[in-house]
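Contents: one structure, followed by commentary.
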Amino acid sequence: LSGEFDNLVDAARADMSARPGLSLCEAWRDLDLAAIRRDLIKRLGQAGIDEAEIDTRYLMRHALRPDDLTAALAGEVLVSWQQVSELADLASARLQRQPLSQVLGTQPFWTLDLRVTPDVLTPRSDTEALVEAVLARWPENTTRVLDLGTGSGAILLALLSERGEATGVGVDLSRKALEVAQGNASICSLSDRACFVEGRWGNGLEPHAFDIVVSNPPYIVSDVLAGLAPEVRDYEPALALDGGDDGLDAYREIAGQLETLLAPGGLFALEIGYDQAQSVSGLLERAGLQQIECVTDLSGNDRVLLGRMSEL
Ligand code: GLN
């Protein structure tokens, strides 16, 4: 084993940049898997990561692959140094505070397992409140859904997965995000009902063509962004987070477009920051939208504003 390890270290030295976990590999060379696990938990904790134990479990499961990690930890399943080295690479990315979702390349959302890259906002469980609220208010005969700033496609795909008759369009400014969304539609077997187009919010889309419009736009106040966790601040796309000087830039644009985009009687749902219910409702009311209501997330924070476009 140790000879194999030395070869690995030699190969790794040849290309340091491709082996970010090299120093971890060296630190782990004389440890068994259970000791590696303890060491990783300690290092993640020291790096300021709260859920070090949970993250370690996910990283080990991803790198080591044995169905039964418990058996591997008890020494009942052999793991190769190649697997340990892969664990070291993943761990080193996480130690630098890259989000777990990006390190693993995947994030559960609703009932789906979505692919996640640095080009998209990691889908958050808070946003499931929006999905749930829209499903509960689903207008009769709804067929067409529009997701503005679709990112990974999370909201649109979750809705389509629950309503077999619906079709949807996801818009994003980022072409790379659209590639991720398209890939996720395919993973979720929803490609035949979802299409993705590059654009700024609803610009250029057919008027009154949508029964439901949803969006989780960027809503963080620019100055606040710098104080967020490194996972968000340093690794997630600012395009998906930065709402401008007062956090409301995107809502001003979207509110002005909803009347044009929605079919008469259509439903909209916007994710908002915990302290934005009043300001965003004001924007929506002034734009002529009706029956505005606010729904909270599981932590009890205001999270979603819903409302309707008037019937003709
Ligand atoms: N809720 C996200 C966060 O706090 C922000 C999402 C957004 O700006 N749309 O990181």
Test set (1) touching a residue at least 12 places away in the same chain (Cβ under 8 Å); (2) touching a Leu at 6+ places or on another chain (Cβ under 9 Å); (3) open to solvent by 10 Å² or more (accessible area, probe 1.4 Å) - Thr106 fails condition number: (1)
Of all residues in the stretch 153-174 being among the aliphatic types (A, V, I, L, M) and assigned to a loop (DSSP other than H, G, I, E, B), the one that is farthest from the chain's Cα centre (by Cα): Ala166
Cross-chain or 6+ apart pairs with Cβ under 9 Å, the stretch 206-229 first and within 9 Å of the ligand (Cβ to nearest atom), then among the β-branched types (Val, Ile, Thr) and assigned to a strand (DSSP E or B): Leu228/Ile220
Qualifying residues in the stretch 154-199 (those that are among the basic types (Lys, Arg) and free of Cβ contacts under 8 Å to residues at least 40 places away in the same chain) - the one nearest to Gly105 (Cα to Cα): Arg175
Hits in the stretch 230-264 - residues which are at negative phi, within 12 Å of the ligand (Cβ to nearest atom) and not in a helix (DSSP H, G or I): Glu236, Pro237, Leu241, Asp242, Gly243, Leu248
Filtered residue count, the stretch 258-280, keeping only those that are in contact with a strand residue (DSSP E or B) (Cβ under 8 Å, 6 or more places away or on another chain) and open to solvent by 20 Å² or more (accessible area, probe 1.4 Å): 2
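The values are calculated or read from the model by the stated rules, or taken from the named source; none is laboratory data. None of the values given here were measured: they were computed from a predicted structure. Methodologically, a virtual Cβ is constructed for each residue, glycine included, from the backbone with ideal geometry; neighbour enumeration extends over all protein chains shown. Side chains included, ligands, DNA and RNA excluded: accessible areas come from the protein's heavy atoms. Shrake-Rupley method; radii C 1.70, N 1.55, O 1.52, S 1.80 Å.
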